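Student: The following block contains the structure, expressed as structure tokens.
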Amino acid sequence: MNCKKALLLVFTALWACVSVYCNKHPTIVIAILARNKAHTLPYFLTLLENLDYPKDRISLWIRSDNNVDNTIDVLKTWLDSKNGKEKYHRVSFEYDKSSKGFQGEKGIADWTPERFNHVIDLREQALEYARDVWADFLLMIDADAFLTNPKTLEELVKKGETVVAPLLKSDGMYSNFWAGMTEDYYYMRTDRYKPILNREEVGCIHVPMVHSAILINLKRSESNFLTFKADKLGPQRYDGPKDDIITFAVGANASGIPFYICNDQVYGFVMVPLENQNGIVQDAQQLTNLKLEILAHQEPLPLSERLAHLVTYPEKDTMGMDKIFMINLLRRPERRVRMNRCFKELGILAETIDAVDGRMLNESTLKERGVKMMPEYADPYHRRPMTMGEVGCFLSHYSIWKKVLENDYEKVMILEDDIRFEPFFRQKVNFITHEVERLKIDWDLVYLGRKRLQDQEEPPVEGSRYLVVAGYSYWTLGYMLSRRGAEKLLNAKPLDNMVPVDEYLPILFDKHPRTAWKSHFPTRNLIALSAAPLLLYPTHYTGERGYISDTEDSTVITAIPEIKTREEL
């Protein structure tokens, strides 16, 4: 082999080595502070494992102390499990099992000056650790922030900003950014917040504050000015409260380092923080709220088999009802699965009712069931008769009303399969049922979810904080029904003059605007109330991505003459 060829081979090999090195992912330190988060950690750690980023380019820095639960044991179980800490480039895990809280703390959610000092010190240690090991990036993340998008790290690294955060949603309006800050450095409500949160304004957007999950680009020289400690800034640069995230934000602003919140993709979720007086029980309920919110929009939070045994669920019951029914079409198994997951989270024991499928109905089957259409009926919006899907929906509810009488149930709850549960659903249902008993409220039906169709005021039930007298409403998402209420609904013989079930109910409680329709049902004495605020909402609204209507998207029964719409009346 001649010298020229040998040199060429050496050069090629060296270039290959350089290429491999240059193509390596940047190194990242992930810093985790975990206190009293044993209930969130199985999900948090599963999602950490699921991040699509080379584990050998990630170092973990984990600190845990002042726990009153088994947070430390969960972390140790995960790190000591097969392919646990061995996956990562390095792991720094320090914990203190003896500490149980700070002096003067009123609970695990109480932030005393001593606690702020401690957390500030830990965050600064994480920042210094990442600098000391020459990491390219530092991800500072709380143990109740859930990165459901496996590409989160890769996407944030590509942004190229010094400080960037993925937008994380909660079960309400809370998120991990501020769109405004007051002169004394506290949260300020602004018109920018909702458009960013709801992804009406999309991109990586300059905001004054990000927290809970932030990526710091340590390759950029200005990152050397970042700190969580006020004394490093000096009184002339910071005169605000003792608070880690506020100090960090104000110091960054003083150094000309902008913060960006990115909502160009759906990145994940974050839990709503506790009130000062709350504890672990309330935090676990917050986790349930968030898991239910996630189930309304996507697949559930993933859970590693190695951590599944650490998760507990409430024992199922019927929440004080004689029975809870859930209506579901057999050809919608994904909805049945989702609802059963919701019931598992909520501890609800429900019987699934196979809905009457409008696709299986025809004029012969309607005749066999004794169904006759109301001659005057036409959909107020579309000027059409009932669809087979609407008939199937009515017959599904009708079958449950009959079961109430056949089994002599005193009160039941009826749920459809396309509902989203409001936070603290169980507790709010308990508030209503206890109030009904305490005030001896007379009722036949209580809407838990509905669509109000008129703007007139609905009077509150006397002495009640949670109930109003229901006005003209649509939807039968979920409602409580008494035995007497079922009797009234059946005794009116609705199959002789059928209208959609959400038109029939307001006819029976005499709040329907159509006099001609009401004339077919002379006895209209159903006592209908409604939860206020509502406890159930649809998972999807008309026109939204993922919206499916098995009532509207079905065969129309017969042609009818043109009539006036509600707007024309």
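Student: For a protection proxy built on the mean count of beta-carbon atoms within 10 angstrom, sort 206-214, 244-252, 119-127 highest first, please.
Tutor: Values: 206-214: 21.4, 244-252: 23.0, 119-127: 19.3.
Order by mean packing, descending: 244-252, 206-214, 119-127.
Student: Just the accessible area for ASP417, please: 1.4 Å probe, Å², rounded to the nearest 10?
Tutor: Accessible area, nearest 10 Å²: 10 Å².
Student: Hey, another quick one. If a helix is a whole DSSP H run, which ones in the chain reach 27 Å or further along their own axis (Cα) and hold a mean Kyte-Doolittle hydropathy of at least 0.0?
Tutor: For the chain, where a helix must reach 27 Å along its axis and average at least 0.0, the hits are 3-22.
Student: Then there is this: Could you report the accessible area of THR288 in Å², rounded to 10, computed with a 1.4 Å probe on the protein chains as they sit in the structure?
Tutor: Approximately 30 Å² for this residue.
Student: To continue, here is another question. Just one of (i) 3, 11, 17, 17, 14, 13, 12, 9, 4, 1, 0; (ii) 4, 17, 27, 25, 14, 5, 3, 2, 2, 1, 0, 0; (iii) 3, 15, 22, 20, 15, 13, 8, 3, 1, 0, 0 is P(r) over Cα pairs in 10 Å bins from 0, in percent calculated from these coordinates, so which is it?
Tutor: (iii)
Student: Provide the FRET efficiency to the nearest 0.05 for the VAL311-ALA516 pair, computing r from the beta carbons and using R0 = 56 Å. Don't jump to the answer; show the numbers that get you there.
Tutor: Numbers: r = 55 Å, r/R0 = 0.99.
According to the calculation, E is roughly 0.50.
Student: Residues of the chain: accessible area per residue at 1.4 Å, in Å²?
Tutor: Details: 27010 Å² over 569 residues.
Here the residues of the chain average 47 Å² of exposed surface.
Student: Next question, about the same structure. For region 298-358, what class follows from the C-alpha gyration tensor (a ≥ b ≥ c being the square roots of its eigenvalues): rounded when a/c is under 1.5, otherwise prolate if a/b is larger than b/c, else oblate? Spell out each step's value before the answer.
Tutor: Details: a/c = 3.80, a/b = 1.38, b/c = 2.76.
Oblate is the answer for region 298-358, as a/c is 1.5 or above yet b/c matches or exceeds a/b.
Student: What figure, in Å² to the nearest 10, do you get for the accessible area of GLU410 with a 1.4 Å probe and non-protein molecules left out?
Tutor: Roll a 1.4 Å probe over it and GLU410 shows about 110 Å².
Student: Still on this model: Suppose only helical runs count, i.e. DSSP H with n ≥ 4. What mean residue ellipticity at 222 nm does that imply for the chain under -39500 (n - 2.57) per run, divided by all residues and rounded to the nearest 500 deg cm²/dmol?
Tutor: Values: 16 runs with 179 residues, N = 569.
Helix contribution divided over all residues of the chain: -9500 deg cm²/dmol.
Student: Hey, any idea what % of region 329-486's accessible area is carbon plus sulfur with a 1.4 Å probe? Could the numbers behind the result be given before it?
Tutor: Working: 3530 of 7200 Å².
Whole-percent figure for carbon plus sulfur exposure: 49.
Student: If you don't mind, another one. Which residues among region 272-298 fall inside the zone where the amide N is under 17 Å from a point 7 Å beyond the Cα of ARG199, along Cα→Cβ?
Tutor: Answer for region 272-298: 293-298.
Student: Take every Cα pair under 8 Å in the chain that's 6+ residues apart, average their separations, divide by the length, and report that relative contact order as a whole percent. Could you put the intermediate results ahead of the total?
Tutor: Details: 1012 pairs, mean separation 71.7, N = 569.
The normalised contact order for the chain reaches 13 percent.
Student: While we're looking at this one, here's another question. Between ASP354 and LEU303, what is 0.36 nm times their sequence separation minus the Cα-Cα distance? Round to one decimal in nm.
Tutor: Details: separation 51, 0.36 × 51 = 18.36 nm, distance 2.98 nm.
Full extension from ASP354 to LEU303 adds 15.4 nm.
The values are calculated or read from the model by the stated rules, or taken from the named source; none is laboratory data. From a predicted model like this one, the values you see are computed outputs, not experimental measurements. Ideal geometry is used to build each Cβ from the backbone, glycine not excepted, and the neighbour counts take in all protein chains shown. We work out accessible area using only protein heavy atoms, side chains counted, and drop any ligands, DNA or RNA first. Shrake-Rupley method; radii C 1.70, N 1.55, O 1.52, S 1.80 Å.
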